[in-house]
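Read through the structure below, which is laid out as structure tokens, and then see the notes.
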Amino acid sequence: MNAISNKPLSNIMLVPFLASLPIILVAILFSAPTASAQDGYQEPQHRLSPVVIERTMVNDTYMKVVYGQPWQRGRTIFGELVPFDQVWRTGANEGTEIFFQSDVTFGGEHVPAGLYTIFTIPGEASWTVILNEELGQWGSRRHNAEHDVVQVDAPVSATDEPVEGFSIRFLEDEGDADVRMQIAWEQTAVSVPISVR
């Protein structure tokens, strides 16, 4: 005579399910990235142009520039990769942004404290350096001159050594300004004097 189990039928059915539960969970975990990729998710990739932050203090005023740093990599930059007399995003990837903790004089023009996007118009003898109040820019296609806060001219000078990686730096000014912002790449440099008001 066969023995009849006293266990309820639902418990008998649950045992095989619980035994296979780890296998089911592993299958779900390994299939999740595939499903995400199909939905348009992409893993972050290494950037060819890394993000650089340049900062300085002038008296009690903090200044900061955040930009994407492209590299020359054997290319001719100004006049070819970066055309003359056209608006340029001044770096790579997202728009380059500059922050002033307090009001400053930028190239002789008053600029209120705040965060701005930097655009430039490179020329052979001088550049126009633009501070624009629209943030979150990508490239230069969306530059809207109606939102420019200032446009200042900066004469071109040759660097002592080739500059492989595009750079924006705050340097000691040789004139009356508190500091100067230097933009340099290839063998070209332009500087804008900045004074705290």
- Note on the structure: The one condition Gly74 fails out of (1) surrounded by fewer than 17 Cβ atoms within 10 Å (Cβ to Cβ); (2) at pLDDT below 95; (3) touching a strand residue (DSSP E or B) at 6+ places or on another chain (Cβ under 9 Å) is (3)
- Query: If Gly136 passes every condition in (1) at positive phi; (2) touching a strand residue (DSSP E or B) at 6+ places or on another chain (Cβ under 6 Å); (3) not charged (D, E, K, R) but one, which one does it miss?
  - Reply: (2)
- Query: Could you say whether any residue in region 88-105 is modelled with pLDDT under 95 and among the aliphatic types (A, V, I, L, M)?
  - Reply: yes
- Query: Are there any pairs with C-beta distances below 7 angstrom linking a residue in region 171-191 that is at negative phi to a residue that is surrounded by 20 or more Cβ atoms within 10 Å (Cβ to Cβ) and part of a loop (DSSP other than H, G, I, E, B), with the two at least 6 apart or on different chains, and if so which?
  - Reply: Ile183/Thr90
- Pick from Gly68, Gly79, Gly91: which is in contact (Cβ under 8 Å) with a residue 12 or more places away in the chain and out of contact with any Phe, Trp or Tyr (no Cβ under 9 Å at 6 or more places or on another chain)? Gly79
- Considering (1) modelled with pLDDT of 95 or more; (2) not in a strand (DSSP E or B), say which one Asp173 fails and leave the rest. (1)
- Task: Would you be able to tell me the number of residues in region 45-70 that are surrounded by 15 or more Cβ atoms within 10 Å (Cβ to Cβ) and farther than 20 Å from Gly136 by Cα?
- Result: 3
- Item | Residue that is farthest from His110 (Cα to Cα) [pool: residues in region 140-170 that are in contact (Cβ under 8 Å) with a residue 40 or more places away in the chain and small (Gly, Ala, Ser)] | Gly165
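The values are calculated or read from the model by the stated rules, or taken from the named source; none is laboratory data. Bear in mind that the values here come from a model prediction, so they are computed numbers and not experimental data. When we count neighbours, we look across all protein chains shown, and the Cβ atoms used for this are built from the backbone with ideal geometry, even at glycine.
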